[in-house]
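The values are calculated or read from the model by the stated rules, or taken from the named source; none is laboratory data. Keep in mind the model is a prediction, meaning the values are calculated, not measured. Here Cβ is always computed from backbone atoms with ideal geometry, including for glycine, and neighbour counts include all displayed protein chains. With ligands, DNA and RNA removed, areas are computed over all heavy atoms of the protein, side chains included. Shrake-Rupley method; radii C 1.70, N 1.55, O 1.52, S 1.80 Å.
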Amino acid sequence: PGVTVLLRDFEDFENDLTGTARSFASLPVPVLVVAETAPYPPVPLPAGVDLLLLRPAADRPPPLARPELHVRTRHVALVPDGTRPVPGLLERMRDALEEGAGDTRLVAAPVGSVPLRCLELRLEARAWTARYGPGAPGLCRAVEGTAVLLLRTRDLFALPFPLARPVPTALFVQAAFRGWGLRVMPAAFPAARRPPVSPHGRWKAENLAETRRRRLMRDLGIKREVLADGRERWYGCSKETARCFGTVHARTPQYLLAGRWTPPCCLRALRETARHVTGALEAAGVRYWLEGGSLLGAVRLGDIIPWDYDVDLGIYREDVGKCRWLAAVAAAGEPVEDAEGFLWEKAAEGDFYRVHYSRSNRLHVDLWPFYPRGGVMTKDTWLGHPQDVEFPESFLRPRVPMPFAGFTAMAPNNARAFLELKFGPGAVENPEYPNP
């Protein structure tokens with residue numbers, strides 16, 4: 001029985017670790033400082049306060065592989081740096097946890113004078129997204145504000161990332177995956193009186209916090225957070241990085257095998273690339289239309305299919321020379337980067353073109369040059385996809401506008417008939433997921 005205090009969220013520089021550890025050790029309760037490596041500059045810890053190092057070192061025996069063996073109490077409290085104890089409050093938090101409803105696995109108490117804000121937290125694992133919103137009293141899944149968090153020791157160490165930082169976010173997300181509830185206590189812990197953090201210290205702390213948060217989101221499989229005020233935080237790929245998935249085999253990306261859809265950062269990049277490419281084609285007078293799965297997504301959703309990984313456009317082959325970027329690629333045979341960082345190239349697989357989001361990020365739009373022959377649109381490169389077939393040119397006379405990925409693109413004039421020719425009857429109503 002009892003509560004062990006874990007001090008985990010602190011910085012090596014400008015911390016109150018000694019004061020926080022000493023004040024809680026005086027209750028008395030077991031206090032454990034947890035860090036990857038020993039704090040530097042060195043921190044004098046009070047007698048009886050242990051330091052648990054998580055990161056192995058090549059020249060020393062490894063740390064205990066199971067940190068839970070250091071905690072011998074039934075409950076554990078994760079206490080922010082700079083918190084001061086209130087006699088009996090940890091025990092009241094423990095009692096509130098044990099008396100709570102069946103799904104209550106966390107209890108939070110504010111630190112300082114600012115009350116905690118109760119939040120709802122909904123995880124959309126398939127879409128790699130965590131979505132926050134206002135929480136109803138008694139139905140919190142997360143809180144906003146500095147807090148002491150208490151839970152059962154067995155629950156903490158049953159989590160895949162029990163001691164990840166930042167601690168509150170790590171616990172809230174992992175708890176939400178499991179449907180755990182959170183109860184907020186009205187009583188608060190006081191915050192220590194501390195001198196203001198120096199500007200350099202604030203800069204270091206902000207950069208470290210961002211690095212930790214990105215690492216945590218990578219480990220938790222979250223690439224987008226939608227905050228309660230509608231703002232978004234993105235953690236996936238960007239124009240400066242590689243895309244989030246590797247080479248696609250058998251038309252089935254790796255994420256589909258893991259039960260997920262295309263990462264939202266990749267869909268965002270595909271939308272940006274598609275808008276950019278269609279804008280360039282329209283400005284140059286190149287006749288194009290949505291092809292294959294991209295047309296299918298436009299008809300079903302007005303958007304890219306949630307598990308698709310590229311965008312397909314058909315173009316008239318005779319119009320290639322009208323677009324300066326396509327003409328430059330066709331003439332030189334080398335990739336060409338345009339003024340906005342999109343990379344145009346001739347595809348290595350055959351007679352078609354590909355426009356990448358950037359040199360680093362190879363999310364792309366494929367441009368398939370078709371030409372009419374006896375009233376039928378055909379092309380010179382066929383990659384063996386079942387939907388890769390010839391079709392009557394009458395589908396393109398005229399082409400029609402269609403909402404797609406946040407803008408208006410051109411499409412065949414009878415999209416349903418066009419898609420059933422390509423994919424078979426019922427293609428619009430019967431999604432194929434996952435791909436074979």
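Hey, can you find the accessible area per residue of segment 145-296 for me, probe 1.4 Å, expressed in square angstrom? On a per-residue basis, segment 145-296 sits at 46 Å².
Using a probe radius of 1.4 angstrom, the carbon and sulfur fraction of the accessible surface of the chain is 53%. Take every DSSP beta bridge whose two residues both sit in the chain; close to 65 percent of them are antiparallel. In order along segment 223-234, the Karplus-derived 3J(HN,Hα) couplings, from 6.51 cos²θ - 1.76 cosθ + 1.60 at θ = phi - 60°, round to 10, 8, 10, 9, 7, 4, 8, x, 5, 10, 10, 10 Hz, and Gly and Pro are given as x. What's the Cα-based Rg to Rh of segment 105-210, Rh via Kirkwood? Ratio of gyration radius to Kirkwood radius: 0.99.
What number results when the radius of gyration of segment 189-292, computed over Cα atoms, is divided by 2.2 N^0.38 Å?
Values: Rg = 20.5 Å, N = 104, 2.2 N^0.38 = 12.8 Å.
Segment 189-292 yields a ratio of 1.60.
Contact order, relative form, for the chain: 11 percent (alpha carbon pairs under 8 Å, 6 or more residues apart, mean separation divided by residue count). Note on segment 330-436: dipole from Cβ charges, positive end direction compared against LEU419, VAL400, ASN430; the farthest Cα belongs to VAL400.
Number of Lys-Lys pairs in the chain with C-alpha atoms under 30 Å apart and a separation of 8 or more places or on different chains: 11.
Using Cα pairs under 8 angstrom and six or more residues apart, how large is the relative contact order of segment 67-192, in percent?
39
Over all directions, the projected convex hull of the C-alpha atoms in segment 208-355 averages 11.2 nm² in area.
Under 5 Å from the amide H of ARG183 lie the amide H atoms of LEU106, VAL107, ALA108, each residue being 5 or more positions distant or on a separate chain, with H modelled from the backbone and absent for Pro and chain starts.
Taken as Cα centroids, segment 320-376 and segment 208-233 sit 35 Å apart, rounded to the nearest whole angstrom. Could you tell me the distance between the Cα centroids of segment 147-191 and segment 285-316, to the nearest Å? Spelled out, the Cα-based centre of one part sits 44 Å from the other.
Name the chymotrypsin sites (Phe, Trp or Tyr not before Pro) in segment 1-63 that are in a loop by DSSP and that have at most 15 other C-beta atoms within 10 Å, would you? Write out the running numbers ahead of the final one.
Details: sites: PHE10, PHE13, PHE24; in loops: PHE10, PHE13.
Sites meeting the loop and neighbour criteria: PHE13.
Amide H to amide H distances under 5 Å link THR146 with VAL111, where only residues 5 or more positions off or on other chains count and H is placed in the peptide plane. Judged by the gyration tensor of its Cα atoms, with axes a ≥ b ≥ c, segment 1-142 is prolate; a/c meets the 1.5 cut and a/b is the larger of a/b and b/c.
Using only side-chain charges placed at the Cβ, +1 for Lys and Arg and -1 for Asp and Glu, the dipole size of the chain relative to its Cα centre rounds to 1040 debye.
Across the options PRO372, TYR40, MET93, the greatest Cα extent toward the positive end of the charge dipole of the chain (unit charges at beta carbon of Lys, Arg, Asp, Glu) belongs to MET93.
Of TRP128, TRP261, TRP180, which has the largest mean-square fluctuation in a 10 Å C-alpha GNM of the chain? Of TRP128, TRP261, TRP180, the most mobile in the Gaussian network model is TRP180.
3J(HN,Hα) along segment 149-166, derived from phi through the Karplus expression 6.51 cos²θ - 1.76 cosθ + 1.60 where θ = phi - 60°, amounts to 10, 10, 7, 6, 4, 5, 6, 4, 8, 8, 6, x, 10, x, 10, 6, 10, x Hz, with x in place of Gly and Pro. In terms of overall dimensions, segment 296-368 has a Cα radius of gyration and Dmax of 13.0, 39 angstrom. If you work out Rg/Rh (Cα atoms, Kirkwood Rh) from the coordinates, which of (1) 0.96; (2) 1.11; (3) 1.16 do you get? Derived directly from the coordinates: (2). Between PHE13 and ARG397, the modelled labels are 7.2 nm apart [label points 7 Å from Cα along Cα→Cβ]. Positive end of the charge dipole of the chain (Lys, Arg +1 and Asp, Glu -1 on Cβ, about the Cα centre): tell me which of HIS249, ALA125, GLY112 has its Cα farthest that way. Positive-most Cα among the choices belongs to GLY112.
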